[in-house]
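Engineer: Below is one structure. I have some questions about it.
The values are calculated or read from the model by the stated rules, or taken from the named source; none is laboratory data. What you are looking at is a predicted structure, and each value in this text was computed from that prediction instead of being measured. In this analysis, Cβ positions are derived from the backbone assuming ideal geometry, glycine residues included, and neighbour counts consider all displayed protein chains.
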C-alpha cells in the first residue's frame, strides 16, 4: 500500500465525532508499542512519527465548527497531544543519536529482536558468529572510551540505560528460540551468555568510568537539564502562559506566605519565630514501628468523613469501599521517601533492614502531622477519588492526562482544608505548611536546575535549608525529580495547578456562578485536562481551533 493510500485509509476510519478517533489512536499506539520492543530502535521511532503525522492530518478533516463545545475541547486536546508527542519523539531521536557512538553494536541486536517479533527463521551458525563479533566490538569500545576523556557524560548515561533495555530485549529474544530449536541452543547458548555478561559489564563501565559515578551507589542522581527553550515549549503544551522566571517568582511569593504562617505556629508552640525548631518538634512526633498502618487508616477515614460532613464533593460508594494500603520497601523509599497514592496508598516507614540513621530519618519524615496533611492528598478527595472518576467519565481524555490537574487538584484540597480549619493544632499547621513550602521549593529547584542555574547538590541543599527536609528525603526528592520518570514540569505542577484551580474557584463559586459541591464535581467529571481548558468548559467560553493560553491566573504577576 502506498503512503497516500495508507493515509486515505486512516482518513476513512476517522469519524465525524473526534472521540472514536482518539480511541483508535490509543489502540494503534499501544499495538505499535507492543510490536516494536526496543525503545531506541530507528524503525520504532520512524513508525511512531508516521502515526502522529497521519492522525494530525486526519484530525484536520473533522468539521471542528460542527462539534459541540465538549468535543471541540477534545479536538484541541488531541491536536495538542499529537504536536507534543511529535516534539518529544524528535527530542528522543536526538538523544538516541547522541548515544549511538557508545552503542555502535546496537543496530545488529535490534534487528535480531525485531526478526523475532516477525517470527523470521534464523541461521543459528551465523547468529553465533554475529554475537561473538559484537562481544569483541564491546571490548574495543571500552578501550576507546577509557582513553577518551571528552565524552558527553549525559549521552553516556543515557546509553547505559538504552543498553540495559537492549539486554532485556535480547534475553526475551533468546528465550523465544532456546530449547524449542535444538540447532539454535547448540550454536547460540555460549556466545549469548558471554554477550549478556559483556552488556551488563559495559553498562557499569559507562556509568562508572565514563560518567564517574560511584560503583557502590545503586541509585545515583544524574540530572539532564533541558534548557530554557525546551521549558517554554513544555509550558506551551501545558497551556501555562508564564515564563520559567515568572513561575519562580510566583513560588517565592507563595513561600513567603508559608514562612510567615510557620512563624505564627512556632510562636504558639513556644519557639518564638524559629520555625525550624517547631518543625523539629513536629518531626519527632511519630508512632512506634508497626503502628503506621493504623494511623494511616484512621487519617483516611477522618478525611472522608470531613469531605462528606461538609458536603464538598460527591464521593461514590465504590471509592470508599476499594482503597487499600501497602508498605514501601527500603529500595522504593530511596526515590519515594513519603507516600504515593491512588487506589492503593503506598506508605513509607522504616523497614527492619534499614541502618539506624535511615530508620530515624524515615520515622521523622513520616511523622503524625506530615501524614495528616497528606493522606487525603493520596486517597479521598485526592488521587484515589480522581482515579474513580477518570476511569468512569470522559474516558477519551485519559491519554491527555496532565499533572497540573492530577497534582494540582489534590493540592487544591490542601488549600481548601486549610481555609476551612482542618488543622486542629499549631503542630498540624506546621505539618500542612511543610508540604506547602515543599511545593514552592519544587518549583524553584526544578526550574533552576533545568535552566542550568542549580546543580543536583544545590537542589538537595536548597530543600534541606528552605523546607527543613531530612537530607535523605531531600536526596530522594531530587532523585525522583530528575530520574527521567517524570516530565520536567512535574514538580512545579502541584503548586501551579492548585493556584489555577483556586483562581477558577474565585471566578465561579465566589461569584455565585456555581455552588461549591457543583464546582468540585465538575472538576472531577471533566477529567485530567489542562486547567485553562477546564476553565473554558466550566465558564462556557468559546473554544477556537487554534486555542492558545492567555489566562494570567496569578494576580500578583501582571
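Engineer: Being over 22 Å from the mean Cα position of the chain (by Cα) and in a helix (DSSP H, G or I) is the filter here, so list the residues in segment 468-478 that pass it.
Structural biologist: Answer for segment 468-478, where residues must be over 22 Å from the mean Cα position of the chain (by Cα) and in a helix (DSSP H, G or I): just 471.
Engineer: Which condition does residue 555 not pass, out of (1) crowded, with 16+ Cβ neighbours inside 10 Å; (2) more than 17 Å from residue 389 (Cβ to Cβ), if it passes all the others?
Structural biologist: It fails just one condition, (1).
Engineer: Then there is this: Condition check: closer than 26 Å to residue 443 by Cβ, surrounded by fewer than 17 Cβ atoms within 10 Å (Cβ to Cβ) and in contact with a helix residue (DSSP H, G or I) (Cβ under 7 Å, 6 or more places away or on another chain). Does residue 509 satisfy that?
Structural biologist: Judged against the criteria, residue 509 is a match.
Engineer: Against the definition (closer than 21 Å to residue 96 by Cβ and out of contact with any helix residue (DSSP H, G or I) (no Cβ under 9 Å at 6 or more places or on another chain)), how does residue 150 come out, yes or no? Step through it out loud before you land on a result.
Structural biologist: Working: closer than 21 Å to residue 96 by Cβ: yes; out of contact with any helix residue (DSSP H, G or I) (no Cβ under 9 Å at 6 or more places or on another chain): yes.
Spelling it out, residue 150 is indeed closer than 21 Å to residue 96 by Cβ and out of contact with any helix residue (DSSP H, G or I) (no Cβ under 9 Å at 6 or more places or on another chain).
Engineer: I've got another one for you. Looking only at segment 218-230, decide whether some residue is outside any loop (DSSP other than H, G, I, E, B) and in contact with a helix residue (DSSP H, G or I) (Cβ under 7 Å, 6 or more places away or on another chain).
Structural biologist: yes
Yes or no, residue by residue, for (1) modelled with pLDDT of 95 or more; (2) under 30 Å from residue 187 (Cβ atoms):
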position	(1), (2)
45	yes, no
68	no, no
102	yes, yes
111	no, yes
116	no, yes
119	no, yes
124	no, yes
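Engineer: Also: Does at least one position in segment 138-154 carry a residue that is within 29 Å of the chain's Cα centre (by Cα) and in a helix (DSSP H, G or I)?
Structural biologist: Yes, that holds for at least one residue.
Engineer: Being under 17 Å from residue 438 (Cα atoms), part of a helix (DSSP H, G or I) and out of contact with any helix residue (DSSP H, G or I) (no Cβ under 9 Å at 6 or more places or on another chain) narrows it down to one residue among 278, 260; which is it?
Structural biologist: Result of the check over 278, 260: 260.
Engineer: Over 23 Å from the mean Cα position of the chain (by Cα) and closer than 28 Å to residue 459 by Cβ: is that true of residue 239 in this structure? Explain how you work it out, then say what you get.
Structural biologist: Working: over 23 Å from the mean Cα position of the chain (by Cα): no; closer than 28 Å to residue 459 by Cβ: yes.
Spelling it out, it is not the case that residue 239 is over 23 Å from the mean Cα position of the chain (by Cα) and closer than 28 Å to residue 459 by Cβ.
Engineer: Since residue 525 meets every condition but one in (1) part of a helix (DSSP H, G or I); (2) touching a residue at least 60 places away in the same chain (Cβ under 8 Å); (3) crowded, with 16+ Cβ neighbours inside 10 Å, which condition does it not meet?
Structural biologist: Answer for residue 525: the failing condition is (3).
One line per residue, one yes/no per condition, for (1) out of contact with any strand residue (DSSP E or B) (no Cβ under 9 Å at 6 or more places or on another chain); (2) in the same structural domain as residue 500 (by TED's automatic domain parsing); (3) at pLDDT below 90:
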residue: 174; (1), (2), (3): yes, no, no
residue: 196; (1), (2), (3): yes, no, no
residue: 205; (1), (2), (3): yes, no, no
residue: 216; (1), (2), (3): yes, no, yes
residue: 225; (1), (2), (3): yes, no, yes
residue: 240; (1), (2), (3): yes, yes, no
residue: 248; (1), (2), (3): yes, yes, no
residue: 258; (1), (2), (3): yes, yes, no
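Engineer: So, one more: Within the set of pairs 6 or more residues apart or between chains, which connect a residue that is at positive phi and in a helix (DSSP H, G or I) inside segment 321-343 to a residue that is crowded, with 19+ Cβ neighbours inside 10 Å and modelled with pLDDT under 80 with Cβ atoms less than 8 Å apart?
Structural biologist: Sorted first by the residue in segment 321-343, then by its partner, the list stays empty.
Engineer: Name every residue in segment 537-547 that is surrounded by 10 or more Cβ atoms within 10 Å (Cβ to Cβ) and touching a residue at least 24 places away in the same chain (Cβ under 8 Å), in order of residue number. Talk me through it step by step, then tell me what you get.
Structural biologist: Quick first cut of segment 537-547, residues surrounded by 10 or more Cβ atoms within 10 Å (Cβ to Cβ) only: 537-539, 541, 543-545, 547.
If the condition is that a residue be surrounded by 10 or more Cβ atoms within 10 Å (Cβ to Cβ) and touching a residue at least 24 places away in the same chain (Cβ under 8 Å), then 537, 538, 539, 543, 545, 547 are the ones that fit.
Engineer: A further question on this structure: Please specify each residue of segment 539-549 satisfying the condition of being closer than 23 Å to residue 520 by Cα and out of contact with any helix residue (DSSP H, G or I) (no Cβ under 6 Å at 6 or more places or on another chain).
Structural biologist: Listed by number, the residues that qualify are 539, 540, 541, 542.
Engineer: Restricting attention to segment 305-320, which residues are surrounded by 19 or more Cβ atoms within 10 Å (Cβ to Cβ) and either closer than 29 Å to residue 349 by Cα or not assigned by TED's automatic domain parsing to the domain that holds residue 369 (or both)?
Structural biologist: Selection gives 307, 319.
Engineer: Could I ask something else about it? What's the number of the condition residue 129 fails, among (1) surrounded by 15 or more Cβ atoms within 10 Å (Cβ to Cβ); (2) assigned to a helix (DSSP H, G or I)?
Structural biologist: Of (1) surrounded by 15 or more Cβ atoms within 10 Å (Cβ to Cβ); (2) assigned to a helix (DSSP H, G or I), only one is false for residue 129: (1).
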